[in-house]
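Structure record follows, encoded as structure tokens.
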Amino acid sequence: MHEYSLARALIERVETAARAHRATAVHRLTVRIGPLAGVERELFATAFHNCRPGTLCADAALVIRNEDAEWRCDVCGEAIPAGSALYCPACAMPARLAGGDALILERVEMEVLGDV
Amino acid sequence: MCEDCGCGDTKLVSLDVHESLLAGNDRTAAHTRAHLREDGVVAINIMGSPGAGKTALLEATAGALAGTRRIAAITGDLATERDAERVRAAGVPSKAITTGSACHLDAEMVHHALHDGIAEGVDYLFIENVGNLVCPAVYDLGQEANVVVISVTEGEDKPLKYPVMFRKADLVVLSKTDLLPALPDFDRAALEEALAHVMPNPRMLAVSARTGAGIEKWINWLEQMRETERPQTAHAHAR
């Protein structure tokens, strides 16, 4: 259930950004969560919805983007197919994770007073 | 125009952030790591299911290193100080972190636990994480290495079920090997095969904390950790 800790950290981070821009509300957040981030997306969305009341994110939409897991050989750069052992048969080297563990706040869209 | 006070309409401002949700945790972990490296302390984060044998491994380690290496431990549990008490009884200064309802340790908790000097002058700091194969994998604590303890009774497919945890492991310790005579169906090759699918450079040691079998190899691995060249990170204060 670390999704709740992460949702609270997300809201704090977004509120800091929003205050720095003197935003009145946060309209939309975009995060990217890969399958190897160790975060359950639905649970994270639920946690966000439960944590947001009373914050600048109270009415904010949460967009969760995916990222595919990708393993590659560090030597020849060849992709290691999903479901196979994590090493390169040609180079006999361990594979390196090239994507899939993202847990990133990408964008914050907020409402800022026009004259400011 | 705003009709209430004439202050002007709001406009939508889009801000690209591109920052990890764990950025705060990772800054604290980097700070802890820099301190520990400066003091020559090798920190090991020990993870695994409840009952995998993490505390027993620490007890056996304390016995094996007695007189040669100074060690300290931080133990995380939702409630009680039982693990810390067990490790203390084995002669290791220990500090319990009682997380309440949190299913993992984070960098802030470890940083706080270190502030009373428990790791001063030690060679190894063992951080026994909350028994859980999911959440602890997400948090960097400032350790040099992650060790996942899996007991022989847990099932050979555990790595496939918890790929995030095993991907983060630098070493897997297969524990309770003294039970193997009672487990004729245990298939070590199947476990190794499962590990190879989730852990890019799979390394596994088999130990019995009860009989001491394999503990020497574990100690050798710990000693190798001391010899590993570690980049000196800038000593940045996180806060």
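The values are calculated or read from the model by the stated rules, or taken from the named source; none is laboratory data. Worth saying up front: this structure is predicted, and the values here are computed from it rather than measured. So basically every Cβ, Gly included, is an ideal-geometry build from the backbone, and we count neighbours across all protein chains shown. Note: accessible area is taken over every heavy atom of the protein model, side chains too, but ligands, DNA and RNA are not part of it. Shrake-Rupley method; radii C 1.70, N 1.55, O 1.52, S 1.80 Å.
Figures for the structure shown
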quantity	calculated
Qualifying residues in segment B:182-218 (those that are among the charged types (D, E, K, R) and not in a loop (DSSP other than H, G, I, E, B)) - the one farthest from residue B:161 (Cα to Cα)	B:216
Near pairs, Cβ below 6 angstrom, 6+ apart or cross-chain, from segment B:28-47 (within 20 Å of residue B:75 (Cα to Cα)) to any residue that is of a type in the set (Ser, Thr, Tyr) and in a strand (DSSP E or B)	B:42/B:124
Some residue of segment B:136-155 being part of a helix (DSSP H, G or I) and of a type in the set (A, V, I, L, M)	yes
Pairs, first within 14 Å of another protein chain (Cβ to nearest Cβ) in segment B:173-195, second part of a helix (DSSP H, G or I), C-beta under 8 Å, six or more apart	B:191/B:158; B:191/B:159; B:194/B:158; B:194/B:159; B:194/B:160; B:195/B:159; B:195/B:166
Selection from segment B:120-140 of residues that are more than 14 Å from chain A (Cβ to nearest Cβ), under 20 Å from residue B:81 (Cα atoms) and open to solvent by less than 10 Å² (accessible area, probe 1.4 Å)	B:125, B:126, B:127, B:128
Segment B:156-169, subset more than 12 Å from chain A (Cβ to nearest Cβ) and of a type outside the set (Lys, Arg), residue nearest to residue B:56 (Cα to Cα)	B:169
Options B:155, B:100, B:117: the member that is within 18 Å of residue B:87 (Cα to Cα), over 15 Å from the mean Cα position of the chain (by Cα) and at pLDDT below 95	B:117
Count of segment B:156-181 residues which are open to solvent by 20 Å² or more (accessible area, probe 1.4 Å), part of a loop (DSSP other than H, G, I, E, B) and closer than 27 Å to residue A:34 by Cβ	5
Residue within segment B:35-50 that is out of contact with any helix residue (DSSP H, G or I) (no Cβ under 7 Å at 6 or more places or on another chain) and under 30 Å from residue A:24 (Cα atoms) present	no
Scope segment B:141-151; condition within 14 Å of chain A (Cβ to nearest Cβ) and either without any contact (Cβ under 8 Å) to a residue 12 or more places away in the chain or aliphatic (A, V, I, L, M) (or both); matching residues	B:141, B:148
Any hit, segment A:20-39, residues being surrounded by fewer than 15 Cβ atoms within 10 Å (Cβ to Cβ) and within 23 Å of residue B:137 (Cβ to Cβ)	no
Selection count, segment A:98-116, where residues are under 17 Å from the mean Cα position of the chain (by Cα), open to solvent by less than 30 Å² (accessible area, probe 1.4 Å) and within 7 Å of chain B (Cβ to nearest Cβ)	5
Number of positions in segment A:75-86 that are more than 7 Å from chain B (Cβ to nearest Cβ) and surrounded by 14 or more Cβ atoms within 10 Å (Cβ to Cβ)	2
Single residue of A:17, A:69 found to be touching a residue at least 12 places away in the same chain (Cβ under 8 Å), surrounded by 13 or more Cβ atoms within 10 Å (Cβ to Cβ) and under 30 Å from residue A:112 (Cβ atoms)	A:17
